[in-house]
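The values are calculated or read from the model by the stated rules, or taken from the named source; none is laboratory data. In this text the structure is predicted, and so the values were computed from the model without any measurement. Cβ placement follows ideal geometry from the backbone for every residue including glycine, while neighbour counts extend to all protein chains displayed.
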Amino acid sequence: MNRMLRVAVLVSGRGSNLAALIAARRDGTLPIDIVLVASDKPEAPALRYAEGAGIATLALDPRSYPDRAGFDNDFLARVDAYSPDLLVLAGFMRILDPAALASWIGRAINIHPSLLPKHRGLRTHERALAAGDARHGASVHFVTTELDGGPVIAQTEIPVIADDTAAMLAARLLPREHRLLVACVGLFADRRVALDGALVRVDERALTAPLRLDTDGGSARLV
Ligand code: GRF
């Protein structure tokens with residue numbers, strides 16, 4: 001039996017994905033140890049949520065560092081001190097320096113609110129609407145030095161409905177994002193997923209397409 005996966009969650013804002021991970025850990029569906037919640041925004045509500053849940057927090061302000069790489073190196077070194085097996089970027093809005101990130105590749109994932117490779121970067125819901133997309137969604141991918149460009153592990157999709165606004169689309173997607181992230185972290189907890197060059201391997205087999213979140217019948221599983 002493997003020891004429990006040690007997870008550090010990186011956040012910059014609200015923290016609803018963090019809350020979903022904490023809830024799943026509490027109800028026993030996600031066997032992980034959340035060893036740290038770390039942020040580049042000392043005022044992030046997600047940090048307060050973590051404190052309330054009794055989880056160690058780390059908040060560093062980039063403005064107190066002379067340059068970007070200096071912050072990123074110190075931030076990740078302090079995260080590393082908690083010996084996480086996996087970094088989960090959940091609403092972490094900072095682009096990390098490639099050299100600082102190098103040793104984490106394969107051990108860091110991000111949740112992004114679009115069907116990658118569509119709509120990397122910000123304002124994804126607005127952009128999906130502007131592009132006339134019939135379907136929208138969220139992706140969990142390995143973090144690489146390319147912004148929102150790492151190999152995708154799994155996605156969840158929703159239809160775009162006539163008269164949708166960006167806010168409506170975001171609100172409809174968010175509960176799906178939460179289930180997607182919990183399911184993907186579950187793959188790591190069970191040691192079922194790995195990055196192999198540009199490939200994602202699940203149960204040793206290379207994916208030819210991202211896994212999909214199947215929410216039929218109330219349960220959420222990756223297929
Ligand atoms: C989510 O939409 C996530 O996909 C994106 O940032 C948002 C974070 O929300 N990367 P929250 O802080 O987890 O509530």
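This table checks each residue for (1) under 17 Å from the mean Cα position of the chain (by Cα); (2) modelled with pLDDT of 95 or more; (3) within 20 Å of V185 (Cα to Cα).
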| residue | (1), (2), (3) |
| --- | --- |
| M4 | no, yes, yes |
| R14 | yes, yes, yes |
| L18 | yes, yes, yes |
| A23 | yes, yes, yes |
| A59 | no, yes, no |
| D74 | no, yes, no |
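Of the residues in segment 31-49, none is polar (S, T, N, Q), farther than 25 Å from A189 by Cβ and either surrounded by 15 or more Cβ atoms within 10 Å (Cβ to Cβ) or modelled with pLDDT under 95 (or both). In summary, strands (runs of 3 or more DSSP E) completely within segment 101-209 and bearing 1 or more residues that are more than 14 Å from the ligand (Cβ to nearest atom) occur at 135-142, 152-159, 193-196, 199-202. Please verify whether P84 is buried (at least 21 other Cβ atoms within 10 Å of the Cβ), part of a loop (DSSP other than H, G, I, E, B) and more than 11 Å from the ligand (Cβ to nearest atom), treating the condition exactly as stated. Answer is yes for this residue. Condition check for L129 on (1) in contact with a helix residue (DSSP H, G or I) (Cβ under 8 Å, 6 or more places away or on another chain); (2) crowded, with 21+ Cβ neighbours inside 10 Å: one failure, at (2).
Residue-by-condition table, conditions (1) touching a Leu at 6+ places or on another chain (Cβ under 7 Å); (2) of a type outside the set (A, V, I, L, M); (3) on the phi < 0 side of the Ramachandran plot:
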{"residue": "H119", "(1), (2), (3)": "no, yes, no"}
{"residue": "V140", "(1), (2), (3)": "yes, no, yes"}
{"residue": "T145", "(1), (2), (3)": "yes, yes, yes"}
{"residue": "Q155", "(1), (2), (3)": "yes, yes, yes"}
{"residue": "V160", "(1), (2), (3)": "yes, no, yes"}
{"residue": "P175", "(1), (2), (3)": "no, yes, yes"}
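Residues of segment 136-152 that are within 11 Å of the chain's Cα centre (by Cα) and crowded, with 24+ Cβ neighbours inside 10 Å: A138, S139, V140, H141, V143. Every listed requirement among (1) touching a residue at least 24 places away in the same chain (Cβ under 8 Å); (2) more than 16 Å from the ligand (Cβ to nearest atom) is met by K41 save one, (2). Please determine, by comparing only the residues of segment 20-38 that are free of Cβ contacts under 8 Å to residues at least 60 places away in the same chain and within 15 Å of the ligand (Cβ to nearest atom), which one is farthest from A220 (Cα to Cα). Checked segment 20-38; the qualifying residue farthest from A220 (Cα to Cα) is A38.
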